[in-house]
Each structure stands twice: as structure tokens, then as C-alpha cells.
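The values are calculated or read from the model by the stated rules, or taken from the named source; none is laboratory data. Just so we're clear, the structure is a prediction, and the values are computed from it rather than from any experiment. Here the Cβ is made from the backbone with ideal geometry for all residues, glycine too, and neighbour counts use every protein chain on show.
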There are 2 protein chains.
Amino acid sequence: MQQVQSSEARAKASLAKAAARQMAVLASDVKDRALHAMADALEANKARILEANALDVDQAKARGITGALIDRLTLNEQRVRDMAEGLRQVAALPDPVGEVLRGWVRPNGMRVSKVRVPLGVVGIIYEARPNVTVDAAGLCLKAGNAVVLRGGSEAIRSNTAIAEVISDAAQAAGLPHGAINLIESTDRSAAVEMMQLHGLIDVLIPRGGAGLIRSVVENAKVPVIETGTGNCHIFVAASADLDTAEALLINAKTQRPGVCNAVETLLVHEAVAEEFLPRAAQALTDRGVTLRGCERARQIVPAMEPATEEDWATEYLDLILAVRVVPSFDAAVEHISRYGTGHSEAIVTRDYREAERFTQCVDAAAVYVNASTRFTDGGQFGFGAEIGISTQKLHARGPMGLDELTTVKYVVHGDGHIRQ
Amino acid sequence: MQQVQSSEARAKASLAKAAARQMAVLASDVKDRALHAMADALEANKARILEANALDVDQAKARGITGALIDRLTLNEQRVRDMAEGLRQVAALPDPVGEVLRGWVRPNGMRVSKVRVPLGVVGIIYEARPNVTVDAAGLCLKAGNAVVLRGGSEAIRSNTAIAEVISDAAQAAGLPHGAINLIESTDRSAAVEMMQLHGLIDVLIPRGGAGLIRSVVENAKVPVIETGTGNCHIFVAASADLDTAEALLINAKTQRPGVCNAVETLLVHEAVAEEFLPRAAQALTDRGVTLRGCERARQIVPAMEPATEEDWATEYLDLILAVRVVPSFDAAVEHISRYGTGHSEAIVTRDYREAERFTQCVDAAAVYVNASTRFTDGGQFGFGAEIGISTQKLHARGPMGLDELTTVKYVVHGDGHIRQ
């Protein structure tokens, strides 16, 4: 059994590697036609997909799964249409492959170009959202990559149906066999083997909760891009406009609390804490937010629960906000450096030098002055689509669009040049 | 004992992490003054460094080490001057930090900039070359990073002396304490712990032989950039100018056979094999090269040894060349795809379409038309200096200069912008 599962990951990655060589030289119009064909096929086969999905949902419910997980797992006609629409939007984006990033001539006359090329084989390990099967495949294909997908076991029937539909459509439209691969084994060993396929998979992108991402980082021997964890802060500086501060805070905490760019800790300069905290606390509790404050914050707003050391390090992904009063700008930066995950950090200030220093001193994928942390997103940044938000520093940082699914190649044109 | 060694790697990486925050905001002129101070200190302390090095060399010889390894380990006055000169050259390069790679305004008026920033803490694991201690530290510091160095045990006295000299000089010139760190434990467990310091070390770059690199890739939980292995090919196409082909081949095989961008296999189209192979074989054997040929090649030049399957996959790093006659352009590309390591690949051709197809179809860091593979090098590409040659696709590919020792940050300027 173990043996059979092991060979599935390796066999599909090998297929993907062969397909990747052909994908790399496909013209944009072939790829775009395939993306449209995949979109059309999803809509044409929605009955089959929804039927498979209903079985997944029934089984998940029978196993006692409830709430947000069931919601993420469930498809309906609208969601199938949304997946199809997503593919058409990706087709409309410019093709990153072939872009010449730099070109120059060496003193000996040799011409060097740095050209954008596909990564090759991209592996995606994800959880119960069947739409990732479509979104990830679409972005990877557009950037000229082959893809190996491994979704959560709860969604296996949905994913199998979706992958078959889009893979058949892609192939009929001219993409190579093996461009889209789904690992059908739901055994953990298949995922672990995927992480070991050095030389076959060029990069692995885990999409899901902190546990999944940690497991991939721990086990992978292929290069990984870490995504997702966001313990984000808003620092209300002494010179902040307090109306702005309140609006940003409400937006960053309550507009969609379950996502990685939502704010988790409010830092307030002590000079404005007495004025700002009561009104902010009122506005937030009115919107159902629970506050957990440091001792100083609780002196000002006694209704707050006490915050522990653990609160500073927690990504709640919920309507909870930690609150700390800090004595200085430097103390705020120090707190962020200590507890932040390098995702999105914001300052609210009217002071020019503070704004400049914050953007320079805070080490995160996105640093904001007087704007909500909720903007860290491929769509909001104008990338058209995103495969995830990288919280590591290698290769990609922040929202990852099509460019981040490519690498480079140096193309050198000589005329018999030899090295002296 | 294990405990003590363990804490050395962690303690030094923690120091480096604290230093990295200060390094990130240092002005170029402070960093450049420090690089000059380090260079001056190396020259002023050369007696002490050479004394430490002599002890390393004596001990290595006593342990029976000979040849190239002793040569790489040995320092002399000229080599110390060269290290100092290297630092001064790095000081003269433009500072990559702060470069705005892109900047745009969103429809809501929010301004987004993509800015180059340091990686943070760079770990380097290397072998017996003491000059890497200086070269790697210089490049990392110039790009605003702190560095944790772990050299081979054979060079420990040399490395300790060098690191102390340059670290003291750097600090006196205004760099933070902890910017340069050398792991002094020569126990393997210290290197292994370095590979596990996820969250403290941002990237690990192994520099050395294939065994070292494999071990780092296998064991590391921090992101790694793979460097070095080059099984490079020259394909002499049917339309090749044979004088050019011979000159490139001799250059790529013999100018410096022990390096990763030297050619290891010659592929010859069958249409020119009978004309080209006898003259190429003569020219190469005259220069001390041993040839190992496929059956067809040996029919043309019977003096060749027979090549086995293993030869196609071998990076000789020596005066040995594998030779294969191929029936077509596609067969050459197929051979390269199967056996190449994605380093440097060259075609010799006069045919426009072949040249274009080769640069598109061959998946390698550097692809050459009518030029020697020996040019894959930071200096030769005009980068001023290099920390290694990446053979992976993530983050950096090909020669890595200062730019590749940086990451990016998105800086967003708003005016109370909230997400709708």
C-alpha cells in the first residue's frame, strides 16, 4: 500500500516534469485558449462536480465536521461559476514568460539577457477548499508551469472531478499531457513523498493553516515558499489623527477577521492612549470585538480582559484584539520585531520622520503608513490574482502573482567568445 | 558538549538577528568605510593570520591531506592582499539596498512601492578556503545583512584569526556588534544546528563540493540556495563553424577544468562528427584531455575510451571529456535535459532557428550560442563579485551578486485608506 502511494507522487511529478518542458515554450495564445476551455468545461460539467462535492460534504458532516470547514468545502452553482470566471481573468492577464528583465553587452562584445522563464513543476499542498484546485492550476499554467496538486482528504471527490474536467479540457486545447496532476491518494505518506521529490518538483507552496505550513517546512527537501501566517499590528503614534486611527483599526480588525492580513494587536503611544483607547474600545466592542489589554490599557479601559505574553504572539483570526500601550516609537518597533511574523504592519501618524522611520525599520512584507493592513493581497496590489502571500524572504515576499511563479535564465549570444 | 555546541550556533544567530535590524538601515558610506577598514586590518594583521594559517596547514599535512586541498587552505602574503583588495572592490560597487524596483498608484490613490531590502541573516557553510570568510562577509555586509559563517575544520585557526580581525575592524568603523559571526565549534552538530535555525537565519548558502551541498539540502529547515554542480554540455550542431567549435571546446574544457562552468560532455551532430571529432580529439589530447566516447564516436576516433551511462551524468572537474554523437538537434536537447544539472549549456551553430530554439528549449541558468560555458561567473557577467552560482530556480539562478543577497518589501503610503 505504502509502495503504491509512494509511486503515485513520483510518477505524477515525473509526468509533470516532462510536460513542463513543453509548457515552457508554449505561446501565450495556446495557454489562454486552454484556460478558457477549462473555464467552459467547469461550467459544462457543474452537475458532475456538484454531485461529487455533495458526497464529500455528506461524509465530512457524518464525521462530525462543522462550521467554517464545511463552508470552505461546499461548492454550489455560483462557486463553480466563480472558479470559471477566475480562470478567464487569469487568461486576460499579461504572460510573464519571456520578459527581458535586463540586457547588456560585455566589454568583449558578448550579449547577455536576463529573461523570465517558468519555474518548471510547482507543487501545491492545500486543505479542504476545492477552488484551490482550479485557482492554483490556472495561475501555474499561465506562467508556463506544470502543476502537481495535493488537496485535503475531505475534498478528494470534488478535487478528482474538478481535476479531471480541467485536465481533459486543457489537453484538448493543446496543453501537454501531464500539465495538471492531482495526487489521488489521501494518505499522508503521499504528501510527505511529494516533499522529498528533489529534482522533480521545483517549488512547493503550502496553502492552509499554520500546522500544514509548519509540517511542509519541517519535512520538505524541495524548496518551499512559506505563506500565510500574519500576526499584524497597527501602531497609533503620538501624532496620529485619531479618526483615521479608529477607521483603520475597525477596518483591519472587523472587515474580515479570519484572514492573514487582519490586525491582531493594537499598539498605542502612551501620549494618546487615554484619549484614543476609550473611543476605540467602544467602537470595537460595538462590533463584537473582545479586547485583551496590557495593565496600562486596562487602567484606561477596565472592561478589557488581561492580555498574557501568549496574546502578543497569537494570530487570533477572530474578533479578538490584543492592546498594548507603549512608551515610545522605538518600543512599538521593538514589540513588532519581537512578535510580528513579517506579514503586514501599519503606523498611523502625521509625523513625517516617524512615517519614514517606520517604513525603514519595520521588517515585513508590507509596511503601511495611514492605510489598513487588509490591503496586502494580490488583487488589492493590482497583480490581478495571487497564489498566496509569502512571509519568507527568499524568492517572493508578500502577495505572489504570476511573476512570482517564474524564475530567470541568462541567454548569452556570442561570436566564438572564449574566456581569457 | 553537544549542548555547548548547540548554543553557539543559536547564540550567534541571535546576535546576528539583532545586528541585522541595525545593518538594514545603515547608510552606504558607513558600510563602505567598514569594508575599507576590514581590508586595512587584514593587511595590518597579516603576520598573525599567516601564523594561524601555518598551524592549520601543518596539521592538515600531518593528517595526510595533500594536493588541491592544501593549496586551497594555504594563505600567503599575496593571498591576504587579494582578500583585502576584494573587500575594496565590493566597497566600490553600488549599494543594492533601497532601490525602488517598481512604484505605482492604485485606483483608490494609495501609493505602493516595491523596494529592495536586505535578506537579514545569511548563513554560509563552506569548506577549507579561508578566503571565503572574507569574501562572503564582505558581500553580505555590503547588501546590509548580518552573516553567520561556518568554515571547514581544517581552516579553523585561519578563520578564527580572520574573523576576529575583520569583525573588530568592522565594529570600530560603525557596524553593529554581531554583524560578522564565526561558528568556532568544528563539530558537525554545530553545522547541523545552524541548518535548523528557522526564524533566526533567513537563508543558508552552502559553498563547496557536492557532498556538502547535498547534506545541507537534506538537513536544512531554513531556506537554502543550492550552488555549484555543473554537468555542462557543448553541442556542435550540423551547421557549426568547426573552427569556432574547436576553440570553444578547448576553452571550456581546459582553461580551468576544476570549476563548475567547465564543459563535461561534447555532443556532436552526426552530420559533422566525422569531420569534427578527429581534429577535436587531436587538439584535446594534445592538451592532456582523456576522451570517453559513445560507440559511434569510437568508430570515428578509436583511441577514445568507451563511455558508460555513468559518464553522461558525471561532473569530472578534471581533464576528461565525454563525447556523444547525436542524430539530431532534438536528441541533443533531450540528452541535456536528461543529464544536465541546469548550470551552463552551449550550442555552436550558424543556423538562426537552431540558435533560437536552443536558448528557448534548454532549461539552464545560462544558455550560450557560440560562446564558452566558462563565462557563467559574476565577474564575467559584470556583477562585480559573486557569492556563488545558483543551480536552483528559486530566488536566484546563475551567478549571485549583491542583488541576490537582498529581498523586497512593499511600502504603502495611504491617507486613511480602508478596504471596501
For residues that are more than 13 Å from B:Asp403 (Cβ to Cβ) and acidic (Asp, Glu), scanning just the stretch B:96-143, find the one that is surrounded by the fewest Cβ atoms within 10 Å (Cβ to Cβ). B:Glu127
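If I go through the stretch A:401-418 residue by residue, how many of them are over 16 Å from A:Val97 (Cβ atoms) and either surrounded by 22 or more Cβ atoms within 10 Å (Cβ to Cβ) or more than 10 Å from chain B (Cβ to nearest Cβ) (or both)? Reasoning before the result, please.
Taking the stretch A:401-418 first, the residues over 16 Å from A:Val97 (Cβ atoms) are A:412-418.
Remaining after also requiring either surrounded by 22 or more Cβ atoms within 10 Å (Cβ to Cβ) or more than 10 Å from chain B (Cβ to nearest Cβ) (or both): A:412, A:414, A:417.
So the count comes out to 3.
Looking at B:Gly174, B:Gly178 in this structure, which one is surrounded by fewer than 23 Cβ atoms within 10 Å (Cβ to Cβ) and of a type outside the set (Lys, Arg)? Steps first, please.
Details: B:Gly178 fails: surrounded by fewer than 23 Cβ atoms within 10 Å (Cβ to Cβ).
Within the list B:Gly174, B:Gly178, the selection yields B:Gly174.
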What pairs can you find where one residue is in the stretch A:1-30 and basic (Lys, Arg), the other is modelled with pLDDT under 95 and outside any helix (DSSP H, G or I), and their Cβ atoms are less than 6 Å apart, with a gap of 6+ or different chains? A:Lys17/A:Leu200
Unique match (being within 31 Å of the chain's Cα centre (by Cα) and more than 14 Å from chain A (Cβ to nearest Cβ)) among B:Leu267, B:Leu277: B:Leu267
Residues of the stretch B:169-181 classified as in contact (Cβ under 8 Å) with a residue 60 or more places away in the chain and either outside the structural domain of B:Ala18 (by TED's automatic domain parsing) or closer than 22 Å to B:Arg129 by Cβ (or both), total: 4
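With respect to B:Ala68, determine if the residue is of a type in the set (A, V, I, L, M), closer than 19 Å to B:Thr160 by Cβ and assigned to a helix (DSSP H, G or I). Walk me through how you get there before you give the answer.
Values: of a type in the set (A, V, I, L, M): yes; closer than 19 Å to B:Thr160 by Cβ: no; assigned to a helix (DSSP H, G or I): yes.
In short, no.
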Given (1) within 10 Å of another protein chain (Cβ to nearest Cβ); (2) among the aliphatic types (A, V, I, L, M); (3) surrounded by fewer than 23 Cβ atoms within 10 Å (Cβ to Cβ), identify the lone condition not met by A:Leu93. (1)
Within the stretch A:362-389, take every residue that is at positive phi and buried (at least 22 other Cβ atoms within 10 Å of the Cβ) and give me the one that is nearest to the other protein chains (Cβ to nearest Cβ). A:Asn370
Residue under evaluation B:Gln392, criteria (1) facing chain A (nearest Cβ under 10 Å); (2) in contact with a strand residue (DSSP E or B) (Cβ under 6 Å, 6 or more places away or on another chain); (3) not acidic (Asp, Glu), criterion not met: (2)
Pair list, Cβ < 6 Å and 6+ apart or interchain, from the stretch B:211-232 residues that are facing chain A (nearest Cβ under 9 Å) to residues that are assigned to a loop (DSSP other than H, G, I, E, B) and of a type in the set (S, T, N, Q): B:Glu226/B:Thr391; B:Glu226/B:Gln392
For A:Val90, state whether it is assigned by TED's automatic domain parsing to the domain that holds A:Ala136, in contact (Cβ under 8 Å) with a residue 40 or more places away in the chain and either assigned to a helix (DSSP H, G or I) or closer than 17 Å to A:Ser158 by Cα (or both). yes
Of the residues that make up the stretch B:189-202, is at least one touching a residue at least 24 places away in the same chain (Cβ under 8 Å), in contact with a Pro (Cβ under 6 Å, 6 or more places away or on another chain) and in the same structural domain as B:Gly138 (by TED's automatic domain parsing)? no
Going by what's in this entry, would B:Phe358 be described as more than 10 Å from chain A (Cβ to nearest Cβ) and aromatic (Phe, Trp, Tyr)? no
Condition set part of a loop (DSSP other than H, G, I, E, B) and under 14 Å from A:Leu277 (Cα atoms), scope the stretch A:240-258, selection farthest from the other protein chains (Cβ to nearest Cβ): answer is A:Ala240
